[in-house]
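Novice: So that we are looking at the same thing, I have put the structure below in structure tokens.
No value in this document is a laboratory result; all are computed from the given coordinates. What you are looking at is a predicted structure, and each value in this text was computed from that prediction instead of being measured. No Cβ is skipped: glycine too gets one built from the backbone with ideal geometry, and neighbour counts run over all protein chains shown.
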Protein chains: 2
Amino acid sequence: MSMDLTFLGTGSAYPSPHRGASALVLRTDGDCWLFDCGEGTQTQLMKSQLKAGRITKVFITHLHGDHLFGLPGLLCTISLHSCPAPAKPPPPVEVYGPRGLRKFLRVALTLSGSQLMFPYVVHELVPGDDQCPPEGLPDGLEPVHDDDDDDGGGRLHPQEVLGRTFQLDPEQGCYTLLESPQFVVRAFRLFHRLPSFGFVVEERPRPGKLNVQLLKELGIKPGPICGRLKNGESVTLENGVVVSPEDVLEEAVPGRKVCILGDCCSLVGDAGRRLCHGADVLVHEATLEDSLRDKAWEHGHSTPSMAAELAEACQVKQLVLYHFSQRYKPQSLLKEKEDDNVLELKRQAEAALNGGEVILAEDFLTIPIPSKRCS
Amino acid sequence: MSMDLTFLGTGSAYPSPHRGASALVLRTDGDCWLFDCGEGTQTQLMKSQLKAGRITKVFITHLHGDHLFGLPGLLCTISLHSCPAPAKPPPPVEVYGPRGLRKFLRVALTLSGSQLMFPYVVHELVPGDDQCPPEGLPDGLEPVHDDDDDDGGGRLHPQEVLGRTFQLDPEQGCYTLLESPQFVVRAFRLFHRLPSFGFVVEERPRPGKLNVQLLKELGIKPGPICGRLKNGESVTLENGVVVSPEDVLEEAVPGRKVCILGDCCSLVGDAGRRLCHGADVLVHEATLEDSLRDKAWEHGHSTPSMAAELAEACQVKQLVLYHFSQRYKPQSLLKEKEDDNVLELKRQAEAALNGGEVILAEDFLTIPIPSKRCS
Ligand SMILES: [Zn+2]
Ligand SMILES: [Zn+2]
Ligand SMILES: [Zn+2]
Ligand SMILES: [Zn+2]
């Protein structure tokens, strides 16, 4: 299965002509999962090689506008371009994100009179109190969740299917959002000005291939016996020899692991470190350079060395930095000897990572995540 | 006073890389009034010569996403770039638009934890039942306005000042939104899939200048007497002659009139025709070409000849078309002999207008509205 990550927006705080607001797509065999959807994401999608209509799931790390405000428009535009009367009803677009997301989408889509050609469902994560500073939200912005708001407030949008509400699993310290035959998706808690989450997409290991040489030695020809062995069944050959799958199957291929973190200046609890261990790709924000660490911290953001510390602790293979302050121009626009040079962010992460691989994300950069081979 | 119109988005339905979603700015001596704010307007503003921080008023024609979804992000970004501790508290940004706008903005800004560095106020227009088809909104999308929603639903956002609610003036058939020493702004009703409005900005006439030749003949020298005459006061000269202002003032300079209409396939009532009469500029949508009139009508939209009919009836000086279907590429991208040619829209309006001036708006086009001179 092919797998890659495409960045649609790598800027912090707001979209600019040089860096879109946060959005990236994890694509697996044409199926697209969108992580965050800042304003302008639909236009960035049109400029990219990706098709908005292939988006089946959306994950929102937190409710800051630069990660969220593009979502109602994206859903409307996907709908406009979708088949007006599909032969079979399309599956719902599933949206995962912090509590409050359901109400935001419902109000935006309803007040704008937006009909969708497909159902949608919002699954909400209930954050802990320890995910943002107690004084973080000024009076009047603390969330109020009365009974009415439990389902997002008011009536459902006509295309809305009421989603699940995920509470933190107290033992695992995380949220298990999705378990499919191919993937497990979990979320863990981050500390930011608003409750923020990291998402871990873990591909399940794939069973090893049949070893042709070993089959030959046992006198097994291609056919139903091979199928039974591949399915994990033991078989008794005509000569009485019992062959079990492990005798002829090569090593299972470990699944890939992709971790995408929302804005944060630290993790909450130790689940994140555990879940990200050994990740193939860790996507982490680096809003400001190391010398501005205090300012980054004050705004709930990270610097390159903060991101690298996590990557180092988790022994990830690749650290991808994004969510850069708009002061850092993309490499393609850099003039020589320019201050606020985004390449300096890369050097700072590399220095802290003791030689691990660091990638600076840019809008429209695609990073392939190759399938693993057995060693 | 200088006055011009700049188009930030001229596309219909959604923003594309070639045409932004609806937004245009009326600038008067540096003060900017924004009309509609589709997704991506803040980025279009950055690409333009205008400064987002100069926006003091926003007018939303209707709540469709392509006219609205950029507003929360725009306010957040203006705030980010504004002075953190202004010497004197800034005046509120005033937002005018249909009922429901207050709740939309409040929910979007509150759930995204968006603090603003300035107050804002939303003034709502209560539409009539006759502004959209009775079957226009499917079940579940008809607006519900219970007591709770009268002020937009729930608590005010911390920077929100509760705005006014404008009912239709039954005698005038319009809404008088604003009367300042320089301008009167009125709104009138349009028919669309959602209730939509047109806005008329009318500059007040400016008193004429003192006629230097006449003053000389009367023996009046520059000084306080001139000031009193200019202020509309009669004066008695030393020689006993009484001079009244009309004796020495040139003709008053008529004010300019700019009309900006939201999406529509027709007006509701006759106020719009009356208010737009003699306008210097009429900005009117032309989503589809004349041969698609039925389709345009079905979606509550206009074609060039529909726009021209109104311009003709109102004897406007300049008809500006915008809100083009994304199938019509901007002129700068046109290849020869291309179908769906936006220039055809211009020809259709011109043909219907009997020779009047028609302008096709493009993103970033600025149209000067020169001050009038006496004839
Ligand atoms: Zn952010
Ligand atoms: Zn954030
Ligand atoms: Zn529109
Ligand atoms: Zn519309």
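Novice: Report ³J(HN,Hα) in whole Hz for each residue of segment A:19-27, in order, from the Karplus equation J = 6.51 cos²θ - 1.76 cosθ + 1.60 where θ = phi - 60°; Gly and Pro get x.
Specialist: Running phi through 6.51 cos²θ - 1.76 cosθ + 1.60 with θ = phi - 60° gives 9, x, 6, 3, 5, 8, 10, 9, 10 Hz.
Novice: 7 Å from Cα along Cα→Cβ at both A:Ser180 and B:Lys216: what's the point-to-point distance in nm?
Specialist: According to this spin-label approximation, the distance is 8.6 nm.
Novice: Using the structure shown, list the pairs from A:Lys295/B:Lys88; A:Lys295/B:Lys57; B:Lys51/B:Lys257 with a Cα-Cα distance above 28 Å, or answer none. If you can, show how the numbers build up before the last one.
Specialist: Numbers: A:Lys295/B:Lys88 26 Å; A:Lys295/B:Lys57 33 Å; B:Lys51/B:Lys257 23 Å.
Those over the limit are A:Lys295/B:Lys57.
Novice: Taking θ = phi - 60°, what integer Hz values does the Karplus form 6.51 cos²θ - 1.76 cosθ + 1.60 yield along segment A:251-266, in sequence order, with x for Gly and Pro?
Specialist: Once rounded to whole Hz, the list reads 4, 4, 8, x, x, 7, 9, 10, 10, 10, 9, x, 4, 5, 10, 5.
Novice: What does DSSP give for segment B:28-143 in terms of the percent of beta bridges that are antiparallel, rounded to the nearest 5? Walk me through the intermediate numbers first.
Specialist: Details: 1 of 14 bridges.
Counting DSSP beta bridges with both partners in segment B:28-143, the antiparallel share is about 5 percent.
Novice: Shielding of A:115-122 by partners, i.e. mean partner chain Cβ atoms within 10 Å per residue? Show your work: numbers first, answer last.
Specialist: Values: counts 5, 0, 0, 0, 0, 0, 0, 0.
Across the residues of A:115-122, the mean count of other-chain Cβ atoms within 10 Å is 1.
Novice: Quickly estimate the mean residue ellipticity at 222 nm for chain B, helices only: each DSSP H run with n ≥ 4 gives -39500 (n - 2.57), and the total goes over all residues, rounded to 500.
Specialist: On the way: 11 runs with 84 residues, N = 375.
The helix contribution divided over chain B gives -6000 deg cm²/dmol.
Novice: Can you give me the distance in nm between label points at A:Ser234 and A:Thr56, each placed 7 Å from the Cα along the Cα-to-Cβ direction?
Specialist: Going by the 7 Å Cα→Cβ label model, 3.7 nm.
Novice: Let me ask something additional. Provide an ascending nm list, one decimal, of label-point separations from A:Ser332 to the equivalent residue in each further copy; define each label point as 7 Å from Cα along Cα→Cβ.
Specialist: Once sorted, the set of distances for A:Ser332 reads 1.7 nm.
Novice: May I pose another question? Nearest 20 debye, what's the magnitude of the dipole of chain B about its Cα centre given +1 on Lys and Arg Cβ and -1 on Asp and Glu Cβ? Intermediate values should be presented prior to the final figure.
Specialist: Details: 38 positive and 51 negative charges, 311 e Å.
Value, rounded to 20: 1500 debye.
Novice: Right, here's the next one. Around B:Ser22, which amide H atoms from residues at least 5 apart in sequence, or from another chain, sit under 5 Å from its own amide H, with H modelled in the peptide plane?
Specialist: Here B:Gly11, B:Gly38 satisfy the definition.
Novice: Let me ask something else about it. Highest mean first, how do B:290-297, A:251-258, B:3-10 rank when packing is the count of other Cβ atoms within 10 Å averaged over residues? List each step's numbers first, then the result.
Specialist: Values: B:290-297: 15.5, A:251-258: 18.8, B:3-10: 23.5.
Averaged packing, sorted descending, gives the order B:3-10, A:251-258, B:290-297.
Novice: Once R0 is set to 60 Å, what does the formula 1/(1 + (r/R0)^6) return for the Cβ-Cβ distance between A:Val242 and A:Gln115, expressed as a FRET efficiency to the nearest 0.05?
Specialist: Values: r = 61 Å, r/R0 = 1.02.
Using R0 = 60 Å, I get an efficiency of 0.45.
Novice: Only Lys, Arg, Asp and Glu count, each charged at its Cβ (+1, +1, -1, -1), so figure out the dipole size of the protein assembly as shown about its Cα centre, rounded to 20 debye.
Specialist: Values: 76 positive and 102 negative charges, 356 e Å.
Computed about the Cα centre, the dipole is about 1720 debye.
Novice: Hey, another quick one. Restricting to the protein assembly as shown, what percent of DSSP beta bridges are antiparallel, rounded to 5? Before the final figure, lay out each step's value.
Specialist: Working: 76 of 136 bridges.
Bridges in the protein assembly as shown are about 55 percent antiparallel.
Novice: If the convex hull of the alpha-carbon atoms of chain B is projected onto planes in all directions, what is the mean projected area in square nanometres? Could the numbers behind the result be given before it?
Specialist: Details: hull surface 92.2 nm².
So the mean shadow area of the Cα hull is 23.1 nm².
Novice: Which residues' amide hydrogens lie under 5 Å from the amide hydrogen of B:Val320, considering only partners 5 or more residues apart or on another chain, with H built in the peptide plane?
Specialist: So B:Val320 has HN proximity to B:Leu282, B:Val283, B:His284, B:Ile359.
Novice: Turning to a different aspect of this structure: In a Debye calculation with equal point scatterers on the alpha-carbon sites of the protein assembly as shown and no solvent, what is log10 I(q)/I(0) at q = 0.06, 0.09, 0.12 Å⁻¹?
Specialist: -0.44, -0.87, -1.33
Novice: For segment B:29-39, take each phi angle, set θ = phi - 60°, evaluate the Karplus expression 6.51 cos²θ - 1.76 cosθ + 1.60, and give the result in whole Hz per residue in order, putting x for glycine and proline.
Specialist: Each residue's phi maps through the Karplus curve to give 6, x, 7, 10, 10, 9, 10, 6, 8, x, 4 Hz.
Novice: Then there is this: On average, how many beta carbons from a partner chain sit within 10 Å of the beta carbon of a residue in B:57-69? Numbers along the way, then the final one.
Specialist: Numbers: counts 0, 0, 0, 0, 0, 2, 6, 5, 12, 5, 1, 5, 12.
Mean shielding by partner chains, rounded to a whole number: 4.
Novice: Write down the percent of antiparallel bridges among all DSSP beta bridges whose residues are both part of chain A, to the nearest 5. Provide the component values of the computation, followed by the final result.
Specialist: Values: 38 of 68 bridges.
Looking only at bridges with both residues in chain A, the antiparallel portion is about 55 percent.
Novice: Something else now. Along each of its three principal axes, how wide is the spread of alpha-carbon positions in segment B:287-369, in whole angstrom units, largest first?
Specialist: Projected onto its principal axes, the Cα set of segment B:287-369 covers 34, 33, 20 Å.
Novice: Quick one: label points 7 angstrom along Cα→Cβ at B:Lys317, distances to the other copies in nm, smallest first?
Specialist: 6.8
Novice: With an 8 Å cut-off on Cα pairs and a minimum separation of 6 or more residues, tell me the relative contact order of chain A in percent.
Specialist: Details: 820 pairs, mean separation 60.8, N = 375.
RCO, chain A: 16 percent.
Novice: Inside 10 Å of the C-beta atoms of A:70-76, what's the mean count of C-beta atoms belonging to other chains?
Specialist: On the way: counts 6, 1, 6, 11, 4, 1, 7.
That average works out to 5.
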